[in-house]
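The values are calculated or read from the model by the stated rules, or taken from the named source; none is laboratory data. All values reported here derive from a predicted model rather than from experimental measurement. Cβ placement follows ideal geometry from the backbone for every residue including glycine, while neighbour counts extend to all protein chains displayed.
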Amino acid sequence: MTAFSLEPAQLAWCAEVRALAAERLRPLAEKGEPGRVNRALLAELGTLGLLPRLFTSGALDLCLMRESLAHACTEAETALALQGLGAHPVHAHGTEAQRARWLPRVSDGSAVAAFALSEPDAGSDAAALTLAAEPDTDRPDTGAASASLAAHRDGPSAWRLTGEKCWISNAPEADFYTVFARTTPGAGARGVTAFLVPADRPGLTGTPLDMLSPHPIGALSFDAVPVTADDVLGEADRGFRVAMGTLNLFRPSVGAFAVGMAQAALDATLAHTTAREAFGGRLRDLQTVAHQTAEMALRTEAARLMVYAAATAYDEGAPDVPRRSAMAKLLATETAQYVVDRAVQLHGARALRRGHLLEHLYREVRAPRVYEGASEVQRGIIAKELYRTLDATTEEAGS
């Protein structure tokens with residue numbers, strides 16, 4: 001895609017979401033406690049009909065929603081995104097019973113979802129996870145579990161999860177977790193299974209982590225947590241596909257979150273440099289300032305276009321979605337870091353004062369360069385996809 005423009009209806013909807021975020025969501029966000037799930041905010045996201053759109057919209061709509069929310073209220077954006085990340089595997093791969101139990105409650109904000117992939121020693125290298133799903137030989141097979149198992153593969157119909165997860169958003173306050181565990185030792189990405197694990201399962205405990213980012217993040221401990229074939233999402237030993245499919249959808253929208261923050265920082269900078277008097281005139285009249293704001297705008301727009309293009313490719317089922325998703329996430333998150341940092345510099349000390357918009361954005365903008373695949377991981381994905389395409393083309397030409 002070489003050009004992109006939104007339809008008038010899409011632009012109007014973005015403006016409506018920004019207004020709702022400023023008028024109805026931001027006051028609830030301000031009443032929340034940093035590092036804790038804000039259930040009142042989630043409920044309002046449900047009331048406004050934004051949470052249900054997680055399961056009825058395409059990737060581009062998801063990006064527009066996340067960008068618009070982030071521009072006015074990053075807390076609301078993150079609350080919505082975490083619901084989607086944790087529940088999308090249920091929506092895409094869950095059984096009718098799993099979807100019926102959880103998705104309505106995710107949509108109205110009464111149930112909190114979480115995506116539990118990372119571990120203390122398996123963050124960027126997700127295929128190296130070690131949370132063990134060991135066959136539960138003491139648990140007799142039930143008819144329901146055996147019936148579910150037939151849809152997956154021959155093997156155990158019950159397991160015990162033992163190990164740890166770390167850096168899990170919404171932990172330990174989530175009501176259920178999409179958990180990725182190793183069912184076949186030594187098989188790398190091919191031996192991972194996705195499970196839907198309610199938070200009240202015996203043996204599952206968690207602790208909050210005090211992080212720079214203001215949204216809730218915690219660690220989970222699994223002490224022989226029981227799961228059955230009825231809890232499997234997708235197919236046994238094919239959970240890595242569930243994880244990567246979810247990330248391919250959400251990576252461009254992480255970029256949209258970053259673009260929303262970058263635009264908010266740029267808007268604040270334009271207003272400040274217009275109002276601020278310095279060196280006998282307005283700050284904006286200094287060429288060095290004008291050039292910096294131009295660069296901020298240039299990078300923000302370039303990132304926005306790449307995010308929209310990646311999301312559209314996903315919606316159209318294009319073959320290069322992994323590469324486009326990685327590019328969009330990489331460029332947008334690195335761009336947002338640059339733009340927010342420049343905005344802080346142009347505002348001066350006032351931007352570092354607790355409660356200032358840019359102080360808030362400065363804390364928010366750092367984490368997206370790490371989660372859902374660090375920038376270095378995105379570069380690795382891009383290179384792998386480029387060489388895979390080259391090899392396929394060369395092989396086809398030689399045949």
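Quick notes on this one:
- The conditions of being surrounded by fewer than 21 Cβ atoms within 10 Å (Cβ to Cβ) and in a strand (DSSP E or B) are not met by residue 184.
- Check on residue 300, within 22 Å of the chain's Cα centre (by Cα) and of a type in the set (S, T, N, Q): yes
- Test: residue in region 209-222 that is in contact with a helix residue (DSSP H, G or I) (Cβ under 6 Å, 6 or more places away or on another chain), of a type in the set (A, V, I, L, M, F, W, C) and modelled with pLDDT of 95 or more: no
- Among the helices (runs of 4 or more DSSP H) confined to region 320-399, the ones with at least 3 residues that are among the hydrophobic types (A, V, I, L, M, F, W, C) and more than 30 Å from residue 273 (Cα to Cα) are located at 321-347, 375-398.
- Among the residues making up region 56-93, those that are farther than 22 Å from residue 308 by Cα, of a type outside the set (A, V, I, L, M) and crowded, with 24+ Cβ neighbours inside 10 Å are 86, 89.
- Selection within region 148-175 - surrounded by fewer than 24 Cβ atoms within 10 Å (Cβ to Cβ) and modelled with pLDDT of 90 or more: 158, 160, 162, 163, 164, 166, 167, 172, 173, 175
This table checks each residue for (1) in contact with a strand residue (DSSP E or B) (Cβ under 8 Å, 6 or more places away or on another chain); (2) surrounded by fewer than 15 Cβ atoms within 10 Å (Cβ to Cβ); (3) among the β-branched types (Val, Ile, Thr).
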site: 265; (1), (2), (3): no, no, no
site: 274; (1), (2), (3): yes, yes, yes
site: 279; (1), (2), (3): no, yes, no
site: 283; (1), (2), (3): yes, no, no
site: 289; (1), (2), (3): no, no, yes
site: 295; (1), (2), (3): no, yes, no
site: 302; (1), (2), (3): no, yes, no
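- Residues that are among the small types (Gly, Ala, Ser) and under 22 Å from the mean Cα position of the chain (by Cα) within region 5-36 comprise 21, 22, 29, 32, 35, listed in sequence order.
- You will find that of 315, 320, 341, the residue that is farther than 13 Å from residue 255 by Cα, at pLDDT 95 or above and surrounded by fewer than 24 Cβ atoms within 10 Å (Cβ to Cβ) is 341 and no other.
- Count of region 236-257 residues, restricted to those that are over 16 Å from residue 369 (Cα atoms) and part of a helix (DSSP H, G or I), is 9.
- Total residues in region 14-36 satisfying the condition of being more than 28 Å from residue 60 (Cα to Cα) and either of a type in the set (Phe, Trp, Tyr) or in contact with a Leu (Cβ under 9 Å, 6 or more places away or on another chain) (or both): the figure is 3.
- Screening residue 317 with (1) assigned to a loop (DSSP other than H, G, I, E, B); (2) within 19 Å of the chain's Cα centre (by Cα) gives one miss only, at (2).
- Taking region 88-122 as the range and being within 14 Å of residue 174 (Cα to Cα), touching a residue at least 60 places away in the same chain (Cβ under 8 Å) and within 18 Å of the chain's Cα centre (by Cα) as the test, the residues that pass are 109, 111, 112, 113, 114, 115, 116.
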